[in-house]
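Asker: Right, I'll just put the structure down here and ask away after.
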Amino acid sequence: MDPEKKINAKSESSSENVFQKSDFAQSEDIVIIVENSPAFYRDDISPTRFSRFKDLLETFVEDRINLDYRDRYFLMIFNSEILTPIKSFEAFSHQLIEQIEKGFDQTIAIENPTAVDWGKNFLATLQKGIQKSISSFKKIRNKTLRIVIFINQIPGITPNFREKLTQMVERTAQRLDIIIDVVFISGTQKVLIFDYENPIKDICEMTGGKYFHVTKAYEMEEAFREITKKKEVLRKDYLGEREYTQEKEFLEIIASDLERITDVLEDTELKCQICFKKECEHVESYDIMDFYEHLRRCPNCKKILHLCCAGRWAEQQNSKSNFIGFPNVFRCPYCFYLLKVPREFVDFDNVLNQLQEKWLKKKDEEEVKLQEEEEKEKEMKSFFSEVDKLRQEKEKILNWLKHKLPHKNGRELEDTADEIVRIKDKDEKISFINYLKFKEHIDDDSMPI
């Protein structure tokens, strides 16, 4: 069966479940990074680590297509150099297997790299993986961005590697909510770095991902089962509900500038995609140079925008719908590419204040909600504590009654114990027990309370 038809057939049966999940319906762009090293071809995981990995990857592809056919993948292989057999996210899932088979060559795997060389290669590959995720974010708004890394050795961790890795993740992956999962396949090989001191494990925790240390075949299967699952990321207006920090300024850094128009366009091509007019209200004359000075175009779809219209569009997206969360950053109205307009074309401070007010309001609402939840939790704890206290009291009274009135059946003793427990006032409770002792001829001074 043709692979594309196979994908389409599976997607028809699987799409219903995915699209009905209103909270977690985001499709995923996944960068898969695999280390090609001699350790990858060891036979300590039968038949070899690479063979088992390839078989599980095939299952991963099939399951992911069934789960959500909208997901996209990008493959990177690293060792002495970084290879990208799949050139774009648009490649179909089945190409992963084809490229895995073509892209791995045991003969080029470097034996025993130093900690410094291995660390440089790892950091360079991760950086390119993050850049690919940023490129995806710039083009598509509602995507969950993931990086899944498979490594087979950690020859050592230098202080410089630890510092650079943490900085890279803090400055980029964390700010864009890129989730990083790592599968460390060590097999029976002696591990030089323990998990508790491994900074690669730390970046998983920093980004909400998972870390898997694989020593046996079944552990590799469990790791694949976990990474196959969709990440439950609640739909939200990206960064719009966060406080104004460098986290948001990062959006301005990665957003693309609008392109200047250097070629002469046909008259029909000069209409702005926001106001659908050729003339711009800021153009005071019909001088051709002045006219073109106020025109820009999206670098992705090449559609024309007036700078003033782009500024208003950015304000509207941020101040009204909280779409982006940074005053002069917006998405192209035609292709949704992430763009920025010069700050002078937006009422920067005013929009920023509105965003801050929204954030503070939301923060207050969250604090009120948290307080209410804490109060409910206290009430529930108090309730269950009281129930447990009454249960213990009843148990104590019931044991006393069984000892003092052995001729009574269990049901009668249960009813009597319940009646005593229901009496709230301690003096009344004592009076009732004394009356019971008198009535049943219990001649001692013992008390069950």
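Asker: Have a look at T166, T144, T125 and point out the one that is among the hydroxyl-bearing types (S, T, Y), assigned to a strand (DSSP E or B) and modelled with pLDDT of 85 or more.
Answerer: None of the other options fit; the residue is T144.
Asker: Name every residue in region 122-137 that is more than 14 Å from I30 (Cα to Cα) and surrounded by fewer than 18 Cβ atoms within 10 Å (Cβ to Cβ), in order of residue number.
Answerer: Of everything in region 122-137, those that are more than 14 Å from I30 (Cα to Cα) and surrounded by fewer than 18 Cβ atoms within 10 Å (Cβ to Cβ) turn out to be L123, A124, Q127.
Asker: Right, here's the next one. Find all pairs meeting these conditions: Cβ atoms under 9 angstrom apart; at least six residues apart or on different chains; first residue within region 355-369 and under 23 Å from E315 (Cβ atoms); second residue assigned to a helix (DSSP H, G or I) and modelled with pLDDT under 85.
Answerer: Once the first residue is under 23 Å from E315 (Cβ atoms) and sits in region 355-369, its partners that are assigned to a helix (DSSP H, G or I) and modelled with pLDDT under 85 give L355/K248; L355/N318; L355/S319; K358/S319.
Asker: Based on this model, can you work out whether R175 counts as under 24 Å from I324 (Cα atoms), of a type outside the set (V, I, T), assigned by TED's automatic domain parsing to the domain that holds N121 and touching a strand residue (DSSP E or B) at 6+ places or on another chain (Cβ under 6 Å)?
Answerer: no
Asker: Would you point out the residue of region 44-55, among those that are in a helix (DSSP H, G or I) and buried (at least 18 other Cβ atoms within 10 Å of the Cβ), that is nearest to the chain's Cα centre (by Cα)?
Answerer: F53
Asker: Which of the residues that make up region 219-245 are of a type in the set (F, W, Y) and at pLDDT 95 or above?
Answerer: Once the filter is applied, which keeps residues that are of a type in the set (F, W, Y) and at pLDDT 95 or above, region 219-245 yields only F224.
Asker: Of F326, F291, F250, F330, which residue is out of contact with any Ser or Thr (no Cβ under 9 Å at 6 or more places or on another chain), at pLDDT below 90 and either among the acidic types (D, E) or outside the structural domain of Q174 (by TED's automatic domain parsing) (or both)?
Answerer: Step by step, each of F326, F291, F250, F330 is checked, and only F326 is out of contact with any Ser or Thr (no Cβ under 9 Å at 6 or more places or on another chain), at pLDDT below 90 and either among the acidic types (D, E) or outside the structural domain of Q174 (by TED's automatic domain parsing) (or both).
Asker: Please indicate, with yes or no, whether at least one residue in region 206-214 is at pLDDT below 95, in contact with a Gly (Cβ under 8 Å, 6 or more places away or on another chain), hydroxyl-bearing (S, T, Y) and surrounded by 15 or more Cβ atoms within 10 Å (Cβ to Cβ).
Answerer: no
Asker: Can you pull out the residues in region 329-344 that are of a type in the set (F, W, Y) and surrounded by fewer than 19 Cβ atoms within 10 Å (Cβ to Cβ)?
Answerer: If the condition is that a residue be of a type in the set (F, W, Y) and surrounded by fewer than 19 Cβ atoms within 10 Å (Cβ to Cβ), then Y334, F336 are the ones that fit.
Asker: Only one of R391, R411 is under 60 Å from the mean Cα position of the chain (by Cα), loosely packed, with under 10 Cβ neighbours inside 10 Å and either in a helix (DSSP H, G or I) or in contact (Cβ under 8 Å) with a residue 60 or more places away in the chain (or both); which?
Answerer: R411
Asker: Any residue at all in region 402-412 that's among the small types (G, A, S), modelled with pLDDT under 90 and either in the same structural domain as P299 (by TED's automatic domain parsing) or in contact with a Gly (Cβ under 6 Å, 6 or more places away or on another chain) (or both)?
Answerer: no
Asker: Separate question: Going through F40, F74, F92, F78 one at a time, which residue ends up being out of contact with any Lys or Arg (no Cβ under 7 Å at 6 or more places or on another chain), buried (at least 16 other Cβ atoms within 10 Å of the Cβ) and at pLDDT 65 or above?
Answerer: Within the list F40, F74, F92, F78, the selection yields F78.
Asker: Going by the structure shown, is I185 touching a strand residue (DSSP E or B) at 6+ places or on another chain (Cβ under 7 Å) and over 25 Å from A255 (Cβ atoms)?
Answerer: Here the answer is yes, as I185 does meet what is asked.
Asker: Take S431 and decide whether it is surrounded by 10 or more Cβ atoms within 10 Å (Cβ to Cβ), in contact (Cβ under 8 Å) with a residue 40 or more places away in the chain and not assigned by TED's automatic domain parsing to the domain that holds N328.
Answerer: no
Asker: How many residues are acidic (D, E) and modelled with pLDDT of 85 or more when one looks only at region 1-37?
Answerer: 3
The values are calculated or read from the model by the stated rules, or taken from the named source; none is laboratory data. These figures come from a predicted structure and were not determined experimentally. Here the Cβ is made from the backbone with ideal geometry for all residues, glycine too, and neighbour counts use every protein chain on show.
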